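Undergrad: Structure provided below as structure tokens; questions to follow.
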Amino acid sequence: MTRRVRRILAVAASVVVVAALARMFHRPQQVPEIIDLPDTTAMQPRVAARLRETHRLVTQHPASAEAWGRLGEVCHAHQLYAEAASCYRHARSLAPERHRWPYLLARVRQKQAAPWEEVDALFADAAGLRPDYAPTYVRQGRLRLGNGRAREAAAAFEQALAVEPALAVAHRGLGQALLAMDEPARAVAHLREAARFAPEDRATWAVLSQAYRRSGDRDAAVSAAERSRGLVRTSTIADPIGAEVKAMGVSPQHYADRGVALIRAGDFAGAIENLRIVAETQPDDPRVQMYLGTSYAAIGRPQLAMHHLAQATRLQEKLVEAHVRLATLLLERDELKRDELNRAIDHLARALVHAPEDTTVLAWLGSALHRRGDVDEALVIFARAAAAAPEQAGPRYNLATALMNHGDLDAAVREYRHALRLDPRHVDAHYNVALALERLGRIDEAIAHYEQAAKLDPTHPAADALGTLRRQRR
Amino acid sequence: MTAMEVWRGFAIAGYLALPCACTDGPEPEAVDWFTDVSAEVGLDFVHESGATGGLALPEIMGAGVALLDYDGDGDLDLYLVNGGLVTADRPPPINRLYRQEADGTFVDVTAESGLGDPGNGMGVAVGDIDNDGHVDVYVTNYGPDALYRNRGDGTFTDITLAAGIDVPGWSCSAAFVDYDRDGFLDLYVTQYVDFDPSRRCFSAAGKPEFCGPKVFAPVPDVLLRNNGDGTFTDVSVATGIAGRAAAGLGIVCEDFNDDGWVDLYIANDAYPNFLWINGTDGGFREMAVSLGAAYNLHGETEAGMGVVAADLDNDTLVDLFVTHLSFETNTHYRNLGPDVGFADVTGETGLAAGSMPYTGFGVAAFDLDLDGDEDLVVVNGRVNRLQPLPGAWVEPPWDLLAEPNLVYLNDGTGSFSPAGPGPSAVCDPIEVTRGLAVGDIDSDGDIDLLIGNVQGPARLYRNDTPRLGHWLGVRGVDPRLNRVALGARITLHCGDRRFVRTSRRASSYLSSVDPRVHFGLGPARRVDRIDVRWPDGLDETFPGSEVDRMVELIRGTGKVKP
């Protein structure tokens, strides 16, 4: 063997050794196997298309954590949890430094009823990667609390509060954990904080009621329970990542949810955009028609609004809200025609069949009847409203005003005074009762009420009336 | 990175192991704790849902069952509620009554009894409405309910109209309860929703799906006062019951605030539960929120289905256990005392994790193994069409809804764990189960089970669990009323231990249970004293008793009758 050949062999051998060592110390990143598209049989076409589209991305970029994560999020949004978990695992392996994947994996494993310890560990992993993301701690706290680990739950909620001191759901969670630890006084303190930051949160008031009762304050417990009863929604965790996942959803339900959320947020044009997509596939859904009607009314398209609201009432006769909205749209028209007034009254009467105690329906119906000149009928309806809500001043005020317009001044005064007992700060009731008393010649009493009204609202016409009356007396 | 899973395989692995295969419980026993004796004893009832493929919610909500001694011969007979939307091409399926014979077999006596109600059946309530000593039957339907009066000769008469009963909506669980203490059983009927068959719903993935309750308007429940003359008056408005609308499914009656007057707890689906506290003045006040029994630990509403009231932690206070949808726990509300209310202790008592994958309906608390504490049985079945579980016992498409059942053992302190393989006969069937009624059907001193499946066979399970202690069965009778004293709270004193149980029929989901009170006593060989609080609030003390027998306590006598 020549020296040249030996050198070549030596070089070749060292290349092999280096390559072997390189392989030993540097394992190339393994590309996940491409997985089957979920079964899209009977799925809505938009959902199937979205799945295909994101699945194609994975096929094209199998080593991309983003592509796997995106597919996971689409599956997650459509509640295909097993598939979502699989994708998130791949994304996590490909990008172990990202908080998003263990966080979302934890959430879908929760939905799969995975052992709570496994989910807890995933949240802990996520929190380690991004310690400033409060929703991770809140979800971890709730998980622990639900599995009887109140002390550990409290620690998680405290971490959330360290990140966001004004986070109402974390205060609520901590209050719940403290209650479970039989520390009602501390629980009350945190729940009150939660109520301060989210005063309309039903769950906070419900738990606060229990905390008060456990502290021995029964009156406060009853009062908090009543407050809770009057609220309709429970605050959810403000979770930007969760919102992004939800935004991947393209089923009719997603568009409907988005539409309703946008109505709540006051974005009626956006709501219409979403709701029209739902109406394409579910034209017979009365609620979608009602929400469309509501949204069109809000952007100043009354004809379209009435069309959709009429559809809603046709599809579901018992949809009280749609009847009322349609009637109020008619009643608010500048030049109300007789047949439109009749139509409004018809819708309100139909609503009343299904909600006989509903004070809003009764108030609108009474007002519409009064407007049509059916004073006796209006009086009956206003009296019904007052009886249905004996604790509210509004219906009593309406009844009094109808009585006054009917010329029954004594009865009107009686009802106005009843309304004022329920709400002593009702300016219009003070003003109207003063007018009635003035007409009855009971000037001193009238002045007293004008004074009250003017004191409550110095810009109210009561101030002028008071001045005039005083001048006349002088 | 390890080899990647494929979706199809992983979808199955995503479910938890079946509870009966769990190794957390006691070591495997040589004996099966339960035996399905349905075929052996002649129970051949198969529920017909009436499903037509339109995914109408009533198709999957029924299958109530009842244990009742309709012929007064001392043993329990069976009543099975059938479903079925009425279609023009064939007669509707009817409910069935099975009489227990002396040898423990059952004979279908529906035709001769007149109890074959043809309504689109949901549930059943049992009670003696006229105090004639014979139990009457109220059937809840999707559509008009029906009341059948027992004539005492093995036959029943439909007296719905004559009794002035007009409950036309979608009724679910119902309970006979003497809320006004006049000696006559009144009737509370839960109302589900104002169902609209034309509504179509879709899953999050956009596939056709059963609608949830929130799609429809909620409806207030109905309370009918027994006038004592065979008629009833709707007092829903007068008592305040009509003031709250929800989607009511389950009911249990109990004196929760210990004032001697019966209260009512209603499990609502996707709405806060109701705790109607008896105002003692003929009305009720709804206090579930401030008493901690409306929401779960997180302050959230859950999908309440079935409910049971029992002293689950042996502190003599009656707790609540409510079954729910999958991804919610079944919820254990511990009673902290009459002035304090309830706390959700599901997680800390070991009842959270195991129930998360399943949708619970029927539920029972009883001492399965006679060790002196109340164990739990929950029967399951989905309401959404998900991937079938491996080994489902039902044909497609019902396999999409089928789930196994759960049995939990109480360790005596109120902590629960899955029962292990012993009750596999009850847990293993993966079916769409709804109704569950418990009672000592074979009169051998332990509690047997009757379950109702949607679109499947009813199953009767004989309890063969190895006995870890003694037992006592108690039947509290008010001779003035000529019937079992429903609502009587019975306290046994055995040395330092006190056992508290209440006589009730309405419990579980759509079902009616054995009203005789069953006590598992553990090692106690004698009962020292028995205290009874009768439904009208009167307390009476009876002397002790030997164990392992059924006794009768007759009000006003102070004597224990074997």
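Undergrad: Counting only other chains, and only Cβ atoms inside 10 Å, what mean value do you get across the residues of A:87-100? Please list the in-between numbers first.
TA: Numbers: counts 1, 0, 5, 3, 0, 0, 3, 1, 0, 0, 0, 0, 0, 0.
Partner Cβ neighbours, averaged per residue: 1.
Undergrad: Starting at 0 and stepping by 10 Å, how many percent of the alpha carbon pairs of segment B:271-348 end up in each bin?
TA: Pairs per bin, as whole percents: 19, 53, 25, 3, 0.
Undergrad: For chain B, list log₁₀ I(q)/I(0) at each q in 0.08 Å⁻¹, using the Debye formula over Cα point scatterers of equal strength and ignoring solvent, two decimals each.
TA: Taking Cα atoms of chain B as identical point scatterers yields -0.46.
Undergrad: Exposure proxy check: B:253, B:211, A:87 ranked by fewest other beta carbons within 10 Å? Kindly include the intermediate steps, with their values, before the conclusion.
TA: Values: B:253 26, B:211 19, A:87 31.
So the ranking, lowest neighbour count to highest, is B:211, B:253, A:87.
Undergrad: What percent does the relative contact order of segment A:126-232 come to when contacts are Cα pairs within less than 8 Å and at least six residues apart? Kindly include the intermediate steps, with their values, before the conclusion.
TA: Working: 154 pairs, mean separation 19.2, N = 107.
18 percent.
Undergrad: Averaged over peptide B:283-296, how many Cβ atoms belonging to another chain are found within 10 Å of each residue's Cβ?
TA: Numbers: counts 0, 0, 1, 2, 4, 3, 14, 16, 5, 10, 1, 6, 7, 3.
Neighbouring Cβ atoms belonging to other protein chains average 5 per residue here.
Undergrad: Quickly work out the residue A:391-to-residue A:232 label distance, labels modelled 7 Å from Cα along the C-beta direction, and quote it in nm with one decimal.
TA: Rounded to a tenth, the inter-label distance reads 1.9 nm.
Undergrad: For segment B:187-317, would you read off the P(r) tail past 24 Å as a percentage of all alpha carbon pairs? Spell out each step's value before the answer.
TA: Details: 3050 of 8515 pairs.
When all Cα pairs of segment B:187-317 are counted, 36 percent exceed 24 Å.
Undergrad: Now a separate question. Which residues make up the longest stretch of chain B that has no trypsin sites (Lys or Arg not before Pro) in a DSSP loop with at most 13 other Cβ atoms within 10 Å? Walk me through the numbers before you get to the answer.
TA: Details: sites that count: B:480, B:525, B:559.
Counting at most 13 other Cβ atoms within 10 Å as exposed, the longest clean stretch of chain B is B:1-479.
Undergrad: Also, I was wondering about something else. Over the alpha-carbon set of segment A:355-474, work out the extent along each principal axis and list the three values in angstrom, largest first.
TA: Reported extents, whole Å, longest axis first: 51, 25, 21.
Undergrad: So, one more: Work out the length of the dipole vector of the protein assembly as shown about its Cα centre, built from +1 on the beta-carbon of each Lys and Arg and -1 on the beta-carbon of each Asp and Glu, and round it to the nearest 20 debye. Write down the numbers at each step before the final one.
TA: Numbers: 103 positive and 143 negative charges, 1158 e Å.
That gives the protein assembly as shown a dipole magnitude of about 5560 debye.
Undergrad: Hey, got the average number of other protein chain Cβ atoms within 10 angstrom for residues in A:213-224? Intermediate results must be reported in sequence, preceding the final value.
TA: Working: counts 7, 6, 0, 2, 0, 3, 0, 1, 7, 4, 1, 2.
The per-residue average across the peptide is 3.
Undergrad: Right, here's the next one. Which of the GluC sites (Glu not before Pro) across segment A:45-113 are loop residues per DSSP, with 12 or fewer other Cβ within 10 Å?
TA: Of the GluC sites (Glu not before Pro), the ones in loops of segment A:45-113 whose Cβ has at most 12 other Cβ atoms within 10 Å are A:97.
Undergrad: Using a 10 Å cut-off on Cβ atoms, rank the peptides B:51-59, B:128-136, B:289-297 from the highest mean neighbour count down.
TA: Numbers: B:51-59: 17.2, B:128-136: 19.8, B:289-297: 26.2.
Going by the mean number of other Cβ atoms within 10 Å, highest first, we get B:289-297, B:128-136, B:51-59.
Undergrad: Considering all alpha-carbon pairs of segment B:471-562, what whole percent are spaced by more than 20 angstrom? Display every interim value, and only then the final one.
TA: Working: 1226 of 4186 pairs.
Counting every Cα pair in segment B:471-562, those more than 20 Å apart make up 29 percent.
Undergrad: Out of B:129, A:48, B:92, whose Cα points farthest toward the positive end of the dipole of the protein assembly as shown (charges: +1 Lys, Arg; -1 Asp, Glu; placed on Cβ)?
TA: A:48
Undergrad: Pick out, in residue order, every one of the GluC sites (Glu not before Pro) in segment A:131-204 that is DSSP loop and has at most 16 other C-beta atoms within 10 Å; say none if there are none.
TA: Values: sites: A:152, A:158, A:193, A:200; in loops: A:200.
Those that pass, being in a loop and sparsely packed, are A:200.
Undergrad: To continue, here is another question. Which length gain, in nm to one decimal place, applies between residue B:411 and residue B:101 when the Cα-Cα distance is subtracted from 0.36 nm times their residue separation?
TA: Working: separation 310, 0.36 × 310 = 111.60 nm, distance 3.68 nm.
Full-extension gain reported as 107.9 nm.
Undergrad: Per the Kirkwood formula on distinct C-alpha pairs, the Rh of segment B:305-457 is how many angstrom?
TA: Working: mean 1/r = 0.0635 Å⁻¹.
After inverting the pairwise mean of 1/r, the radius is 15.8 Å.
Undergrad: When the helix-only estimate is applied to the protein assembly as shown (DSSP H runs of n ≥ 4, each -39,500 (n - 2.57), divided by the residue count), what is the mean residue ellipticity at 222 nm, nearest 500 deg cm²/dmol?
TA: So the helix-based figure for the protein assembly as shown works out to -11500 deg cm²/dmol.
Undergrad: What percentages, rounded to whole numbers, describe P(r) for the protein assembly as shown computed over all alpha carbon pairs with 20 Å bin width beginning at zero?
TA: Histogram of Cα-Cα distances, whole percents per bin: 12, 39, 33, 13, 3, 1, 0.
Undergrad: Show me the GluC sites (Glu not before Pro) within segment A:315-357 that DSSP assigns to loop and that have at most 14 other Cβ atoms within 10 Å of their Cβ. Don't jump to the answer; show the numbers that get you there.
TA: Working: sites: A:317, A:321, A:332, A:335, A:340, A:357; in loops: A:317, A:332, A:335, A:357.
Answer in residue order: A:332, A:335.
Readers should treat all values here as calculations from the given coordinates under stated rules, not as data from a laboratory. Since the structure is predicted, the reported quantities are computational estimates derived from the model, not experimental observations. In this analysis, Cβ positions are derived from the backbone assuming ideal geometry, glycine residues included, and neighbour counts consider all displayed protein chains.
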